[in-house]
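Single-structure report; data block below.
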Amino acid sequence: QVQLVESGGGLVQAGGSLRLSCAASGRTFSNYFMAWFRQAPGKEREFVAIISGSDSRTYYAVSVKGRFTISRDYPKNTVTLQMNSLNPEDTAVYYCATSRFLSSRRGDMDYWGKGTLVTVSS
């Protein structure tokens, strides 16, 4: 039983930045991977980034690599997604998720947050 709550979404102009946060509570495990997915209008939910719980290794989707940064804050039990150089194609509901192992597949995630909306205006 893990609860994930995303925050930080909003409206931003193209080229701008946003920082999303995901707060974990309940029966959390520090060794779990924590990931971000997103779902744009009319599209399927897609992988964005993931970070390991052991050594904070990070992995990114090609579409965001170099622009987004995922990180963990263990004392606060949170994971963040720093998003820079945003463009309208980044508009989506962003979801936080956890997994017991490295994966970019939706079906491998054990818990999901409710999502936070990011809208990038052109």
If you take the residues in the range 1-38 that are among the polar types (S, T, N, Q) and within 18 Å of Arg67 (Cα to Cα), which one is farthest from the chain's Cα centre (by Cα)? Gln13
Take Leu102 and tell me if it is touching a strand residue (DSSP E or B) at 6+ places or on another chain (Cβ under 8 Å), surrounded by fewer than 16 Cβ atoms within 10 Å (Cβ to Cβ) and either at pLDDT 95 or above or more than 20 Å from Ser122 (Cα to Cα) (or both). yes
Residues that are out of contact with any Leu (no Cβ under 6 Å at 6 or more places or on another chain), assigned to a loop (DSSP other than H, G, I, E, B) and at pLDDT 95 or above, drawn from the range 13-41: Ala14, Gly15, Ser17, Ala40
For the range 45-54, which positions are over 12 Å from the mean Cα position of the chain (by Cα) and free of Cβ contacts under 8 Å to residues at least 40 places away in the same chain? Gly53, Ser54
List every residue pair whose Cβ atoms lie under 6 Å apart, where the two residues are 6 or more positions apart in sequence or sit on different chains, the first residue falls within the range 106-122 and is of a type outside the set (A, V, I, L, M, F, W, C) and open to solvent by 20 Å² or more (accessible area, probe 1.4 Å), and the second residue, located anywhere, is modelled with pLDDT of 95 or more and in a helix (DSSP H, G or I). Ser122/Pro88
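The values are calculated or read from the model by the stated rules, or taken from the named source; none is laboratory data. Everything quoted here is computed from the prediction, not taken from an experiment. Note that we place each Cβ from the backbone using ideal geometry, even for glycine, and neighbour counts take in every protein chain shown. The protein model used for the area step is the full one, side chains on, heavy atoms only, and it has no ligands, DNA or RNA in it. Shrake-Rupley method; radii C 1.70, N 1.55, O 1.52, S 1.80 Å.
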